[in-house]
Every structure is written in C-alpha cells, then in structure tokens.
Amino acid sequence: MLIIYSIFASLLILSILIPFIKNTHWSVRVFDYPRFQKLILILICCVLFVFTDKTPFTISLFCGLIFCIIYLLWMIIPYSPFGKKMIDQVELNENEKPLDLLVYNVLQDNTQYQNLVELIKKRKPDVIFLLETNNAWKENIKNATDEYAYKIEVPLENTYGLLFYSKLPINTYEVNYLISTEIPSIIADIEYNNQLVRLYGLHPTPPVPQENEESTERDAEILLIGKSAKDYGKACIVFGDLNDVAWSRTTRLFLKTSQMLDPRRGRGMFNTFHAHHWFLRWPLDHYFLSSQFRLIGMQREPNIGSDHFPISIQVVLRSDDDSGEMKLDEEEKQEVIEKIEDGIEKGDAN
C-alpha cells in the first residue's frame, strides 16, 4: 500500500507541474486539459493517506497534494458560479431580439445528420457555425439550412471543413488560411440591430499525435485572431472549436491580447468534449465576446451524435463596458509575438 500510494501521489503531483513547462509538444500540453479530473483524483489520494503508513516521505507527498488542491481550486473556481463574472447577464428590453448563435463540431464520420436538422429547426438560431463538415454534411442538412439566406460553405474532407449559415445579412466575409493552407477560418460581418457585428470562426489543429504533435500552430492561430479582434476595436465575437481549454495559458494570452470576455467565467465550465465519456470532459468549444455585449443565456445542447456537444449563446449589444478586460504585460507581449512567429514559421514549413 505504501509503495502504491507513493507512486500514485507522485504522479499526480507531476501532472500538476508538467503544464508549467513551456513546451508545445502534445505530451506536455495534454496535461492542460483535465484540471477537474486531477482535482478529483488528488482528493481521493488525500483520503487514501488516512490508510497509509505515515513516513516523512508520504507526509511530504500529502503536503504537496494539499498545495495542488489549492492551486487547482484557484484555476477552477473562476469557471464556477463562485467566480467573478467577466460579462453581465441582462434581461431583454421590450421588442428586443437577442443575437442567437450555435456552434457544433459534428465529427466528420458521424452520420446522424437528422439529429442536427431537428436541433436547428427546434432552436432556430440566427447564426450556425459547423465544424468538421464535408460535402456529405452539407448535403444532408439542407432540409434545415435552406432556410438560411446567407451562407459561407467550405466543406473539406480533412476534418477541417466549415459551414456557416446566417439569417442575418452578411455584409462582407473572408475565408482565410492563417497558418496552414489546409485549415480555413472565417471572418464575417453580419448586420444585427442596425449595426455590424464581426464574427471570427475558427477550428485550429489540436496537439494530439494523429493531428499535430505540437500546439505551436494552434496557439499562433488563436493569438492571430486575438490580435485581429483587438485591432478591429468594435463589436465582435470569436467562436468555434479552439481545441484548447478555457484555463490554458494560450487562452489567457488570447483574452489579454484581444481584450475580449469569456462568458463562462462565473457561470460554469460548459464542457463540450467528450460527449460520450462523462469523466473525460472539458471546454473546447468557445464564445468570446467584445465588451459591447451582454449575455442573455448560454446553453450546452444535448448530445446529438458527435464527440462534441453543441453549444449555443444569446447576447445583446449594450454600451461599452471594458471593466472585465485583461491586459498583457511586457513579457506576455513578447511571448505572444514569439508564439505567432513560431506558428507561422512551422505552418510555412509544412
């Protein structure tokens, strides 16, 4: 029991320390994801300490686990109802209609097309952004998407196809390949409430062996979008499957770079992946809002067949409130520049 406990506790402490390593390899970055899961395992390990021989080594491990609990709570609490909200929730004014958006990574090999059709017809969002979509998905959901007058369709067979549908007029749009010629992203200016709202839709590669062994390109694409949103300086939303969790260093750098707001903060994790494994879930699909927006509601939709849950949000435009914005310090500014340069260089090399 003593040996098993010592190994188990040591590995858990190591799993907390590894994300501090500034290395982009997937074997390091994967430890960013399961914060809540690590907290549960560490709490179990602390209970097991009661039944373990008390030696100087096990006592020191127990103390280390307590520090890990404090650190994890510090990371997790902002994404719980006990955390401080970055963006206020408001009631709709009379005759006011919210901007209603839906994001869903369909899982390209998933063939449960009708489930999505039914969800769209039930929810009737203003904007739909679908990821991992190929021609089969485009054709099999037409029963629902034909109702949307404005379309940006980039179906691909490489799991990075994008389908964008809007009931609201699209003033202008771009399909960009910021890092890789195989990975598109979208910028669309839609007309809402007599104003233009810029939408940035993206789906960068995840740091996993079968996709991309490093997070370099993912980080660069996320931060490039952040810089673009900051430079735009008007009402905008960044959304999509970012293949990164809300509490990672890259996402924090994105929030500081873009000065956008995370509606999850102070409300919950809204875990969107993995839809089929309850203990292996974390927030990969995101909405980030500029300071002109207020939240009406945010929901994780039911599992309709993919390994991701759909996630929807309803927002309205109000006066600018930048009180929740985060700012970069000089060291972080340099880190952002380096991450973008490294990602572009790696993307060009590939």
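FYI, it's all coordinate maths here, none of it is from the lab. As the structure is a prediction and not an experimental result, all values here were calculated from the model. We place every Cβ from the backbone using ideal geometry, glycine too, and count neighbours over all the protein chains shown.
Results for (1) surrounded by 13 or more Cβ atoms within 10 Å (Cβ to Cβ); (2) farther than 29 Å from His308 by Cβ, shown as yes or no for each residue.
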{"position": "Leu48", "(1), (2)": "yes, yes"}
{"position": "Asp53", "(1), (2)": "no, yes"}
{"position": "Leu61", "(1), (2)": "yes, yes"}
{"position": "Leu65", "(1), (2)": "yes, yes"}
{"position": "Pro78", "(1), (2)": "yes, no"}
{"position": "Ile87", "(1), (2)": "yes, no"}
{"position": "Glu91", "(1), (2)": "no, yes"}
{"position": "Glu96", "(1), (2)": "no, yes"}
{"position": "Asp109", "(1), (2)": "no, no"}
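Within region 137-189, work out how many residues are part of a loop (DSSP other than H, G, I, E, B) and closer than 28 Å to Ile340 by Cβ.
13
Within region 192-251, how many residues are assigned to a loop (DSSP other than H, G, I, E, B), touching a helix residue (DSSP H, G or I) at 6+ places or on another chain (Cβ under 9 Å) and aliphatic (A, V, I, L, M)?
Final tally of qualifying residues: 3.
Which one is surrounded by the most Cβ atoms within 10 Å (Cβ to Cβ), of the residues in region 234-256 that are of a type in the set (Phe, Trp, Tyr) and in contact (Cβ under 8 Å) with a residue 40 or more places away in the chain?
Trp247
Would you mind stating whether Leu261 is under 16 Å from the mean Cα position of the chain (by Cα), surrounded by 14 or more Cβ atoms within 10 Å (Cβ to Cβ) and not charged (D, E, K, R)?
Spelling it out, Leu261 is indeed under 16 Å from the mean Cα position of the chain (by Cα), surrounded by 14 or more Cβ atoms within 10 Å (Cβ to Cβ) and not charged (D, E, K, R).
Among (1) under 30 Å from Glu335 (Cα atoms); (2) more than 27 Å from the chain's Cα centre (by Cα), where does Leu2 come up short?
(1)
Inspect all residues belonging to region 82-90 and state whether any of them is closer than 22 Å to Ser291 by Cα and in a helix (DSSP H, G or I).
Within region 82-90, not a single residue is closer than 22 Å to Ser291 by Cα and in a helix (DSSP H, G or I).
Can you find, within region 293-310, the residue that is surrounded by the fewest Cβ atoms within 10 Å (Cβ to Cβ) among those that are part of a loop (DSSP other than H, G, I, E, B) and either among the aromatic types (Phe, Trp, Tyr) or more than 17 Å from the chain's Cα centre (by Cα) (or both)?
Pro302
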